[in-house]
Amino acid sequence: MNLQAFVSRRVVTAEGIVSAAILVNGERIKAVVPPAQIPSGTDTHDFGDASILPGLVDSHVHINDPGRTDWEGFETATRAAAAGGYTFLVDMPLNCLPATTTVAALEVKRATALGRCWVDWAAWGGVVEGNSEDIGPLAAAGVRGFKCFLIHPGIDGFTLVNEVDLRAALPHLARTGLPLLVHAELAGPVDAATERLANADWRSYATYLQSRPDEAELSAIRMMLSLCRRYDFRLHIVHLSTSLALPELRAARAEGMAVTVETCPHYLHLAAEDILDAATLCKCAPPIRSRENREALWQGLREGIIDLVASDHSPCPPAMKRLEEGSFRTAWGGISSLSVALAVMWTEASERGFSLLDIARWMAEGPARLAGCQDSKGRIAAGYDADLVVFDPDATFEVAPERLHYRYPLSPYMSETLRGVVKATYLRGRPVFAGDKFLGEPSGEEWRH
Ligand SMILES: [Zn+2]
């Protein structure tokens, strides 16, 4: 492949937003130079005033493949990702069959993904009851880290772990040097609250919110922080919803503990006060909380206590959302957002005075670091993969089914007007999405060292 130059007046690099040419040799960025320094004979793509962002990295996606391709799948999830400006996904170990809790299951996943991905991907392994001996081999086989649940994950087949299980697993985990991603809600407070609400109106969002109190998250985070002190491993809190945990997380960071935190676009955009009765498309766990809580999460991002924003893209067949019945008790908890997460975030972030530098930090560099790929993914710099997103930050669009591209076009954002349009996505130097079309053949690969 010839030398290519990607030119814009707004290239988002870690050092700032600059007018530059990104020189790409094959699959990698060779250099970022002033436009006047493009060598003659270079194949030049000039995007003018549109921004060029590093390809986004989503460290929290449920692809559900193999085994539940009627929910999602490598082809549909990665297509939706490419349209949304993501070039790298890290797949959660559950909802697929088999769950990624053994090396054999990881190998089945690899065989399933082959030739079907529009963007690059990697896998998280699972820590479940009784698989401590699988942790080392999974790490050696290439998972980027591990995920566990402290509460029933909404589906059988991926068991939760309690403190006893964790004490067995954590010495193995600590030896790998890889992070443990924790769904931090404890069952006790949720079960107690749910029991009190036995006769409540479960079409009401307020009922669902009360059933998953802040206390469930707080007590789980406290338990994990104390285990982190004892076992000295990398702790990552996925999808933080309660802002009440921020002071303790701030203190843990100040102590120098290896704890990182993510939240999701839906917690930063939606608010409990605005969720209508029976609007089960907004059901996720932990739940979307109050407007005041949402603003406190933004403050957590501003202070850097929250490191990154991941989608927690978690689809299901439409029937499982129980849209007719409208019951928050029985509906599947999970929100799909891969194709619009960037626009959801930019709509909210730009209103609060943040820039595309912040977006790149939260949605590319931060997740790449969590997945241990920070030297080749998540930045526009020499030596990195040429994963690039051409993004018009000023254009707006209305969320419609044809923009979503994942298996079922369900979205709590449907019909909303959002700010920021993905014009094109390049994966390792090749265009995979441009002008609403997918280009070429799926060329995404598993990221390996
Ligand atoms: Zn999840």
Selected residue (criterion: nearest to the chain's Cα centre (by Cα)) from residues of the range 107-123 that are within 14 Å of L89 (Cα to Cα) and in a loop (DSSP other than H, G, I, E, B)
V119
Output the qualifying pairs, or none if there are none: Cβ atoms under 8 angstrom, residues six or more apart or on different chains, first residue in the range 238-249 and more than 15 Å from C264 (Cβ to Cβ) and open to solvent by 10 Å² or more (accessible area, probe 1.4 Å), second residue within 16 Å of the ligand (Cβ to nearest atom) and outside any loop (DSSP other than H, G, I, E, B).
L244/E217
Only one of S376, S355 is under 24 Å from F47 (Cα atoms) and touching a strand residue (DSSP E or B) at 6+ places or on another chain (Cβ under 6 Å), namely S376
Considering only the range 80-106, how many residues are in a loop (DSSP other than H, G, I, E, B), away from the ligand (no atom under 12 Å from the Cβ) and under 24 Å from P137 (Cα atoms)?
7
Tell me whether the range 80-96 contains one or more residues that are over 21 Å from the mean Cα position of the chain (by Cα) and over 26 Å from P401 (Cα atoms).
no
Residue in the range 94-106 that is farthest from C316 (Cα to Cα), counting only those that are in contact with a helix residue (DSSP H, G or I) (Cβ under 8 Å, 6 or more places away or on another chain) and open to solvent by less than 10 Å² (accessible area, probe 1.4 Å)
L106
Failed condition for R379, given (1) touching a helix residue (DSSP H, G or I) at 6+ places or on another chain (Cβ under 7 Å); (2) over 19 Å from E72 (Cα atoms); (3) open to solvent by less than 30 Å² (accessible area, probe 1.4 Å)
(3)
Is it the case, given these coordinates, that G48 is more than 16 Å from the ligand (Cβ to nearest atom), touching a Leu at 6+ places or on another chain (Cβ under 6 Å), outside any strand (DSSP E or B) and in contact (Cβ under 8 Å) with a residue 24 or more places away in the chain?
no
Top-ranked residue of the range 316-357 - restricted to ones that are charged (D, E, K, R) and within 19 Å of A395 (Cα to Cα), ranked as surrounded by the fewest Cβ atoms within 10 Å (Cβ to Cβ)
E351
So in the range 261-291, with the set limited to residues that are assigned to a helix (DSSP H, G or I) and open to solvent by less than 30 Å² (accessible area, probe 1.4 Å), which one is farthest from V238 (Cα to Cα)?
T280
For residues in the range 241-260 being part of a loop (DSSP other than H, G, I, E, B) and farther than 15 Å from A310 by Cα, which is nearest to the chain's Cα centre (by Cα)?
T242
Of those in the range 68-79 that are within 16 Å of the ligand (Cβ to nearest atom) and among the charged types (D, E, K, R), the residue least open to solvent (accessible area, probe 1.4 Å) is E72
Please state which one of V12, V18 is assigned to a strand (DSSP E or B), surrounded by 15 or more Cβ atoms within 10 Å (Cβ to Cβ) and not hydroxyl-bearing (S, T, Y).
V12
Could you please find all residues in the range 40-67 being buried (at least 19 other Cβ atoms within 10 Å of the Cβ) and either charged (D, E, K, R) or within 14 Å of the chain's Cα centre (by Cα) (or both)?
G55, L56, V57, D58, S59, H60, V61, H62, I63, D65
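The values are calculated or read from the model by the stated rules, or taken from the named source; none is laboratory data. Everything quoted here is computed from the prediction, not taken from an experiment. Positions of Cβ are generated from backbone atoms using ideal geometry, with glycine treated the same way; all protein chains shown enter the neighbour counts. These accessible areas exclude ligands, DNA and RNA; they are computed on the full protein's heavy atoms, side chains included. Shrake-Rupley method; radii C 1.70, N 1.55, O 1.52, S 1.80 Å.
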